[in-house]
Amino acid sequence: MEVRAGLYHDSVSLMRISQALGGRPGVTVAVVAMATELNLGLARDVHFEIPPAGPTDLLIAIRAESGAALQDAAEELDRQFAALARGGGRGGPAAESAPRTTRSAARAFDATVALVSVPGEYAFAEAMDAIDAGLSVMIFSDNVPVEQEVLLKDRAKERGVLVMGPDCGTAVVGGAGLGFANVLRPGPVGVVAASGTGAQHVTCLLDHAGVGVSHVLGVGGRDLSSAVGGRSTLVALAALDADPATELIVLVSKPPAPEVAEIVDRAVEGLSTPVVTALLGPGRDHLTSAAERAVSALGVPVPQWPCWTVPQPVGSELSGLYSGGTLCAEARIIAGTGTFTDFGDDEYTQGRAHPMIDPSMRLEALARASGVVLLDVVLGHGAEPDPSFRLAPAVRAARDRGTAVVVALVGTDSDPQGLLRQAEALVVAGASVFTSNAAAAGHAASLIGSGAL
Amino acid sequence: MLDGEPRVITTGAAVLAEALDDQAVPRLGVDWRPPLPGTSAALAKVLADPRRERANEVAVGRLLSARPALVGVRPAREVLDLPPRTFFHAGPPIDWERASGPMRGALIGAALFEGLAGDAEEAERLLLSGSVRLDSCHHHRTVGPMAGVVSPSMWMFEVVDGEHGSTAYCSLNEGLGKVLRYGAYGPEVVERLRWMGDVLGPVLAGALAVSGPIDLRSLIAQALQMGDELHNRNRAATSLLVREIAPAIVDASPEHAASVLRFINGNDHFFLNAGMAAGKVSADAARDVPGSSLVVAMARNGTDFGVQVSGLGDRWFTGPAGVPDGLYLGAYGPDDANPDIGDSTITETSGLGGFAMAAAPAIVRFVGGDVSDAIAATRSMYEITLAEHPAYQIPGLGFRGTPTGIDVALVARTGQLPIVNTGIAGRVAGTGQVGAGLVSPPAEAFTSALAALADT
């Protein structure tokens, strides 16, 4: 029992000290408090004899099982008071912590666009936040229910913003590549695409032809379905039409639902900017022809698309091992034969990254393949930092066991991985490399000795 | 849409965020985590509700624009729908069977105070028999701290919202220690209540008649800038109230002025009850906006923690009240603590208390000992609130408004529960206050409200 006259600490600090002392071994009761009537009463309740004390005095009442425990508590008390006097703690205001929602980020940061890539089940909330904040949003996430897509796109229209996606793999807005994005030269072509790798392929070919892009706006694979009705395509077309930097619009899509095609055609007719519409499918455009039409529309001569071929063995069957869905579908049509696997499809991406980020599954398939193997390599931001590092040895191993390897290489030489560096590594390993997927598919088909030739 | 230098918010995969960093595109990353388990379907429905954005704007706009003023002090029986043998209590509705120790103690005390029983045993029998009607304060424009028991003879602060015209009530604060609101009912408790009814109430009523209404919005704004958070610290607000009203007390009742002023001065929390009525009248202004996910009441009865939501009328959504994590008076410890109790969470509901911790460095040790923890506490509340209060500002955050207007959808999305500062009542009826600290509300109160909102 002790009274320290005139020593003041706030009640909260003192309660903490009482608690710390009370928790020490051998201490049965510890009351460290200013000697107010209330606290004196509390101390009397636990049977302390209180000497005269007032509210400006500090009351210290400790009961312990032994003298040693009491001594120990007294020393701890001194340490606690010393810590209080030092002011304790880490001090200084807490660092600003990261926002927890897109909504909160939009309040803290003057953004122009949001990129949402959370699991599809949760993408709606984040995308809605962006739209509510007046931001265009790219939804990289897949597995977003179509009703949610329609709702988001309707709300976006009200707010005058664009929804790119869901399941939108690439976009270039104001020079910033979002998602998987190639490093493209700036230029006059604005692209609206319902396919991520399709847009990447067309714009990379434009880049090889010396033609740059203003913006690349992905709209999501379902945008031109009858359920979604081209909602984002219409907004994207209008935005590019209004953009002074865009002199030509290229629209790349699978053939839309008939009623949607009609709506889109009418919108295209109303634009002041010329539009090249490339609809992908059997007997229609492929990505290379789409790029060629765009280049021609600008009055630029169509170049020879770069390729590096090496002699390949002839095989009896063709295996297409793809990471890009649109590239895979196009190659299957052009080759007209063979077994094609899209490793970017949902059934292969459950619980693992996209093959453009993690190539392990595809490399395993390559190690087992025989005959003629056709595969795509897509470069750009977001993709594997050096795909040939693991692919080239696998190509060499395939060649060593008599398998032909043909690669469609989508990228530019400004990409972080470097188109020429990747091409060289793959060619040295024994692959034939094409920058046109259509050309690669045609070449691979020609290597199938029996049947096709 | 396509103009200007791109500035990107990234929510999700780090590899895509890094790709932007590699391009030197300015960006802000979201620290995204999955929502509370089982809420994603309800979240999608609530967020898709076309009424939501506007409804929340309207609801929180009303909360923020309320101008509470203390206009009078009057007996409960005159102003509330409170006939004899009826008591109001804190939190969602509860009966004697499920009532905790301090709630029972306060009801016993109120029965003794009202002369319905001669001693505690008789009061207990009376309450057990069900012949005293119990109802939630919140159902009657009223809030009460801790047990929050209001009986007809108690005197109430009367607070009017000058913007929307409605009225709210809260009892007068008895001080600390063995007091009714903490479940104590000894002779000194009842005697103090009688003095409050005979002297304190009438004197304050007379003083307010002289002084005219006291602007609580501006008083709270000033107190925040003087280190109160208006829930666990009311020292500045009480001092400001005394400054406002002391001359009028002397004018109105010279014979009682000294005893009344001494009583108010002896209790740092005297302002709390007036502040709670201000919170109640402001939150009530935001009620009944269809489609709004704004929380308009958080309250505990010592057994359940309940919330009410603007778009869901007077329905309560509850979960078990937690035991506060705090610091204890004297020799009391966690084993002596009752689960969370009281309507004082109306302060957090209206953007004060735990939400304004950064304004109250003097009591930061409640949140773990450090000023930076208090700032982090307030900052985290911006994640679950719809707005920043235009008048209630925090100097240490550059006069940023306090985070105001809890959104059940944001609570579910972030998993961040409201931070509540609170007193701790003794578990055993008759004990009184044992400590003070922080408490976390049960998540299910918010997720069940969200689910109900998805069904509207």
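Scanning region A:288-317 for residues that are in a loop (DSSP other than H, G, I, E, B) and more than 16 Å from residue A:433 (Cβ to Cβ) yields A:298, A:299, A:300, A:301, A:302, A:303, A:313, A:314, A:316, A:317. Among the numbered conditions (1) open to solvent by 20 Å² or more (accessible area, probe 1.4 Å); (2) more than 7 Å from chain A (Cβ to nearest Cβ), the only one that residue B:4 does not meet is (2). The lone criterion from (1) more than 30 Å from residue B:89 (Cα to Cα); (2) within 13 Å of chain A (Cβ to nearest Cβ); (3) open to solvent by 10 Å² or more (accessible area, probe 1.4 Å) left unmet by residue B:374 is number (3).
Annotation: of all residues in region B:156-194 being open to solvent by less than 50 Å² (accessible area, probe 1.4 Å) and of a type in the set (D, E, K, R), the one that is farthest from residue B:430 (Cα to Cα) is B:161. Highlighted here are the helices (runs of 4 or more DSSP H) found entirely within region A:1-87 that include at least 1 residues which are facing another protein chain (nearest Cβ under 9 Å) and open to solvent by less than 20 Å² (accessible area, probe 1.4 Å): A:11-22, A:37-45. When B:55, B:69, B:48 are screened for being within 7 Å of another protein chain (Cβ to nearest Cβ), more than 30 Å from residue A:358 (Cβ to Cβ) and out of contact with any Phe, Trp or Tyr (no Cβ under 7 Å at 6 or more places or on another chain), only B:48 passes.
Is it fair to say residue A:278 is assigned to a strand (DSSP E or B) and more than 17 Å from residue A:226 (Cα to Cα)? In short, yes.
A single entry from A:240, A:184 fulfils the requirement of being closer than 25 Å to residue A:331 by Cα, within 14 Å of another protein chain (Cβ to nearest Cβ), outside any strand (DSSP E or B) and in contact with a strand residue (DSSP E or B) (Cβ under 6 Å, 6 or more places away or on another chain): A:184. Looking only at residues in region B:401-432 that are among the polar types (S, T, N, Q) and at the interface with chain A (Cβ under 9 Å from one of its Cβ atoms), the one that is least open to solvent (accessible area, probe 1.4 Å) is B:414. Counting only helices (runs of 4 or more DSSP H) that sit wholly inside region B:13-119, those with at least 2 residues that are buried (at least 21 other Cβ atoms within 10 Å of the Cβ) are B:14-22, B:40-48, B:52-65, B:101-113. Only one of the numbered conditions (1) under 19 Å from residue B:440 (Cβ atoms); (2) without any contact (Cβ under 8 Å) to a residue 60 or more places away in the chain is violated by residue B:322, and that is (2). For residue A:177, indicate whether it is assigned by TED's automatic domain parsing to the domain that holds residue A:136, open to solvent by 10 Å² or more (accessible area, probe 1.4 Å) and part of a strand (DSSP E or B). So residue A:177 fails the test.
Looking at B:175, B:148, B:212, B:162, which one is within 14 Å of another protein chain (Cβ to nearest Cβ) and not charged (D, E, K, R)? Exactly one of B:175, B:148, B:212, B:162 is within 14 Å of another protein chain (Cβ to nearest Cβ) and not charged (D, E, K, R), namely B:175.
Here residue B:263 clears all of (1) open to solvent by 20 Å² or more (accessible area, probe 1.4 Å); (2) out of contact with any Lys or Arg (no Cβ under 8 Å at 6 or more places or on another chain); (3) not in a helix (DSSP H, G or I) except the condition numbered (3). Taking the conditions exactly as written (touching a Pro at 6+ places or on another chain (Cβ under 6 Å), in a loop (DSSP other than H, G, I, E, B) and either within 11 Å of chain A (Cβ to nearest Cβ) or modelled with pLDDT of 95 or more (or both)), does residue B:344 satisfy them or not? So residue B:344 fits the description; yes.
Is it the case that region A:190-198 has a residue that's surrounded by fewer than 24 Cβ atoms within 10 Å (Cβ to Cβ), touching a residue at least 24 places away in the same chain (Cβ under 8 Å) and of a type outside the set (Gly, Ala, Ser)? Walk me through how you get there before you give the answer.
Pass one, region A:190-198, residues surrounded by fewer than 24 Cβ atoms within 10 Å (Cβ to Cβ): none.
Scanning region A:190-198, I find no residue that is surrounded by fewer than 24 Cβ atoms within 10 Å (Cβ to Cβ), touching a residue at least 24 places away in the same chain (Cβ under 8 Å) and of a type outside the set (Gly, Ala, Ser), so the answer is no.
The set of residues in region A:97-134 that are more than 7 Å from every other protein chain (Cβ to nearest Cβ), over 16 Å from residue B:32 (Cβ atoms) and open to solvent by 10 Å² or more (accessible area, probe 1.4 Å) contains only A:134.
Only one entry of B:219, B:208, B:272, B:230 meets the criterion of being in a loop (DSSP other than H, G, I, E, B) and closer than 22 Å to residue B:162 by Cβ, and that entry is B:230. Considering A:360, A:370, the condition of being more than 22 Å from residue A:196 (Cβ to Cβ), out of contact with any His (no Cβ under 8 Å at 6 or more places or on another chain) and at pLDDT below 95 is satisfied by A:370 alone.
Being part of a loop (DSSP other than H, G, I, E, B) and either within 22 Å of residue B:343 (Cβ to Cβ) or not assigned by TED's automatic domain parsing to the domain that holds residue B:342 (or both): is that true of residue B:184 here? Before you say what the answer is, go through the steps one by one.
Values: part of a loop (DSSP other than H, G, I, E, B): yes; either within 22 Å of residue B:343 (Cβ to Cβ) or not assigned by TED's automatic domain parsing to the domain that holds residue B:342 (or both): yes.
It is true that residue B:184 is part of a loop (DSSP other than H, G, I, E, B) and either within 22 Å of residue B:343 (Cβ to Cβ) or not assigned by TED's automatic domain parsing to the domain that holds residue B:342 (or both).
Checked against the criteria, residue B:289 does not count as open to solvent by less than 10 Å² (accessible area, probe 1.4 Å) and in contact with a helix residue (DSSP H, G or I) (Cβ under 9 Å, 6 or more places away or on another chain).
Scanning region B:364-376 for residues that are hydrophobic (A, V, I, L, M, F, W, C) and at pLDDT 85 or above gives B:371, B:374, B:375, B:376.
The values are calculated or read from the model by the stated rules, or taken from the named source; none is laboratory data. Please read all numbers here as calculations on a predicted model, not as lab measurements. When we count neighbours, we look across all protein chains shown, and the Cβ atoms used for this are built from the backbone with ideal geometry, even at glycine. The area values use the complete protein model at the heavy-atom level, side chains included, leaving out ligands, DNA and RNA. Shrake-Rupley method; radii C 1.70, N 1.55, O 1.52, S 1.80 Å.
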